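Since the structure comes first, as structure tokens, the remarks are kept for the end.
The values are calculated or read from the model by the stated rules, or taken from the named source; none is laboratory data. Predicted model, so just to flag it, every value in this text is computed and none were measured. Cβ placement follows ideal geometry from the backbone for every residue including glycine, while neighbour counts extend to all protein chains displayed. Ligands, DNA and RNA are excluded from the accessible area calculation, which covers all protein heavy atoms including side chains. Shrake-Rupley method; radii C 1.70, N 1.55, O 1.52, S 1.80 Å.
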Amino acid sequence: QVQLVESGGGLVQPGGSLRISCAASGTMFSLNTMGWYRQAPGKQRELVATITSSGSSTYVDSVKGRFTISRDNAVNRVFLQMNSLKPEDTAVYYCNTFPRVSLNWGQGAQVTVSS
């Protein structure tokens, strides 16, 4: 069973940066398009960014120009570099496959943007 483990979250001031990562076990990782999702308190989980196996990426409008998704297939990891963070970016961030969520959700990485 493939497991997803997110890490690297924390508390950051508005305008700051964080890099979160997702480690995926299993040999099929490199073949999958992966996505970062987030869930803010009281809101539905939403897609933030995606990256194909070859490295093509997409972003939701609210994070374009601030977030960068990347991956390292050699170590089965996907990353999200978040710059110019805003309070509205506060959420638990998860990774999973895209477009179909096919893996059990991990515990997520809590990102809190607050002064």
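A few points about this structure:
- Applying the criterion of being within 15 Å of L47 (Cα to Cα), of a type in the set (S, T, Y) and in a loop (DSSP other than H, G, I, E, B) to the residues of region 66-115, the residue that is modelled with the lowest pLDDT is S102.
- Here is the figure for region 56-65: residues that are within 16 Å of F79 (Cβ to Cβ) and in contact with a strand residue (DSSP E or B) (Cβ under 7 Å, 6 or more places away or on another chain) total 4.
- Residue within region 86-93 that is closer than 12 Å to S21 by Cα and surrounded by 11 or more Cβ atoms within 10 Å (Cβ to Cβ) present: yes
- Count - residues of region 71-80 that are open to solvent by less than 60 Å² (accessible area, probe 1.4 Å) and within 12 Å of the chain's Cα centre (by Cα): 4
- Subset of region 18-30 (residues that are open to solvent by 60 Å² or more (accessible area, probe 1.4 Å) and under 14 Å from the mean Cα position of the chain (by Cα)): R19
- Neighbours by Cβ (under 7 Å, 6+ apart or cross-chain): first from region 52-79, on the phi < 0 side of the Ramachandran plot; second part of a loop (DSSP other than H, G, I, E, B) and surrounded by 15 or more Cβ atoms within 10 Å (Cβ to Cβ): T52/T33; S53/N32; S53/T33
- A single entry from L11, L47 fulfils the requirement of being within 15 Å of T90 (Cβ to Cβ), of a type outside the set (S, T, N, Q) and touching a residue at least 40 places away in the same chain (Cβ under 8 Å): L11.
- Put simply, of T33, T68, T50 the only residue that is of a type in the set (V, I, T) and either out of contact with any Ser or Thr (no Cβ under 9 Å at 6 or more places or on another chain) or open to solvent by 50 Å² or more (accessible area, probe 1.4 Å) (or both) is T68.
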